[in-house]
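Novice: My structure is below; once you've seen it, I'll send some questions.
Values in this text are rule-based calculations from the coordinates and carry no lab data. Please read these numbers as outputs of a predicted model, since none were measured by experiment. Cβ sites come from the backbone with ideal geometry, for glycine too, and all protein chains shown count toward neighbours.
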Amino acid sequence: MKKLLLFLVGAAAFAQDAPDHPSVTAQGTTFTPRSILARNMGTPDDQTTAFPPHNIVGNVYYVGTKTLSAFLVVTPKGNILIDSTYERNVRTVQKSIEQLGFKFSETRILLGNHAHGDHMEGDALVKELTGAQVVSMAEDVPALKAMKPGGKEHPVDRIIHDGDTVTLGEATLTAHLTAGHTRGATTWTLPVTEAGKTYQVVFYTSLRSPNVLTLPVIDEFNRSFAVVRKLPCDVPLGDHPSEYGMTAKYAKRKPGAPNPFIDPSGCHLESDMQEAMFEAILAEQAEQHKAEQPR
């Protein structure tokens, strides 16, 4: 890896609309950059259609759409929402919360995992409707401030840094800076209790590599892959449901049956695939740069 960095001075010259390569095989499936994006995003309808809201583990619930995750952490002091998704989805998220028997107005804190519109565009509307405190990783604040759906200013009530915690009632989430996809991409961890046992829930942010890897982004990804491998994990979640196999696990969530979302063996499946793609893009760029050097 370190040797490859010597060849990447000109990496930024590559076009963002690069061809759909390289490919990597993980878990018996071949992935390309475009197939990963298609898997994550689905169709426009998938992005806006509610998935049945459901309990994941303990006091953690799913309230997002078919392809854009939103999670609710319920406490006696009010609730924490992770990801507003697109602004047009906020009322859908509200309905899912209410279908579970909770009040949207009791959303006290709004967190996000990274500053892209499909995850955090709706922050201003959530705050308008609930008064929730919007908490953002410092490195993502500039990108969030530039996110103004309908001209709305993006609220940022509390700026946090790597390792900071957010507490409401009995729930304490820890923020882990796992940059690369965005400068302030954040993985959140939360211990929860179910049936007398404590489990470590990890809300992974995207580790998807861009088509062009600059030296600062390479450094960010190298650090982030190391960070996520060290996090204690029993329940892997993600900013897109496909990253943790939500649909299949939901189908297995039956009364009296083992909770399929408790899946320690699945904690690194997504990061393994994304790191393999990162390494493949890095190697491809290095070879391309070498080929372009004068002979």
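Novice: State the percent of C-alpha pairs, over all pairs in segment 142-282, separated by a distance greater than 25 angstrom.
Specialist: Of all Cα-Cα distances in segment 142-282, 37 percent exceed 25 Å.
Novice: So for segment 163-234, averaging the separation of alpha carbon pairs under 8 Å that are six or more residues apart and normalising by length, what relative contact order in percent results?
Specialist: In percent, rounded to a whole number, it is 28.
Novice: Same structure, new question: Among the listed pairs LYS77/LYS230; LYS103/LYS254; LYS145/LYS252, which have their C-alpha atoms separated by more than 29 angstrom in this model?
Specialist: With Cα atoms farther than 29 Å apart: LYS77/LYS230; LYS145/LYS252.
Novice: What FRET efficiency comes out for ASP219 versus GLU98 if R0 is 41 angstrom and r is the Cβ-Cβ distance? Round to the nearest 0.05.
Specialist: Working from the Cβ atoms, E equals 0.40.
Novice: Whole angstrom only: what separates the Cα centroid of segment 154-201 from the Cα centroid of segment 50-108?
Specialist: Between the Cα centres of segment 154-201 and segment 50-108 lies a distance of 16 Å.
Novice: Also, I was wondering about something else. Need the full-extension length gain, ARG88 to ASP157, defined as separation in residues times 0.36 nm minus the C-alpha distance. One decimal, nm.
Specialist: Once the chain is fully extended between ARG88 and ASP157, it gains 22.6 nm.
Novice: Of all DSSP beta bridges located in the chain, what percent are antiparallel, nearest 5?
Specialist: That works out to approximately 70 percent antiparallel.
Novice: Right, another one. Compute the relative contact order of the chain as a whole-number percentage, counting only Cα pairs closer than 8 Å that sit 6 or more residues apart in sequence.
Specialist: 18
Novice: Oh, and also: Give me LYS103, LYS152 sorted ascending by neighbouring Cβ count inside 10 Å, so fewest comes first.
Specialist: Result, fewest neighbours first: LYS103, LYS152.
Novice: Sticking with the crude label model, points 7 Å out along Cα→Cβ, report the distance from ALA291 to THR165 in nm, one decimal please.
Specialist: Taking the two extended label points, one gets 5.2 nm.
Novice: So how long is each side of the chain along the principal axes, counting just the alpha-carbon atoms, biggest first, in Å?
Specialist: Principal axes ranked by extent give 69, 46, 36 Å for the Cα atoms.
Novice: For the chain, set up a GNM with springs between Cα atoms under 10 Å and report which of VAL235, VAL201, VAL166 has the largest fluctuation.
Specialist: The residue with the greatest mean-square fluctuation here is VAL166.
Novice: Express as a percent, rounded to the nearest 5, the fraction of DSSP beta bridges in segment 129-242 (both residues included) that run antiparallel.
Specialist: Percent antiparallel among DSSP bridges in segment 129-242 is about 70.
Novice: To the nearest 20 debye, what is the magnitude of the charge dipole of the chain about its Cα centre, counting +1 on the Cβ of each Lys and Arg and -1 on the Cβ of each Asp and Glu?
Specialist: About 380 debye.
Novice: Only helical DSSP H runs with n ≥ 4 go in: add -39500 (n - 2.57) per run for the chain, normalise by residue count and round the 222 nm mean residue ellipticity to 500 deg cm²/dmol.
Specialist: That calculation yields -8500 deg cm²/dmol at 222 nm.
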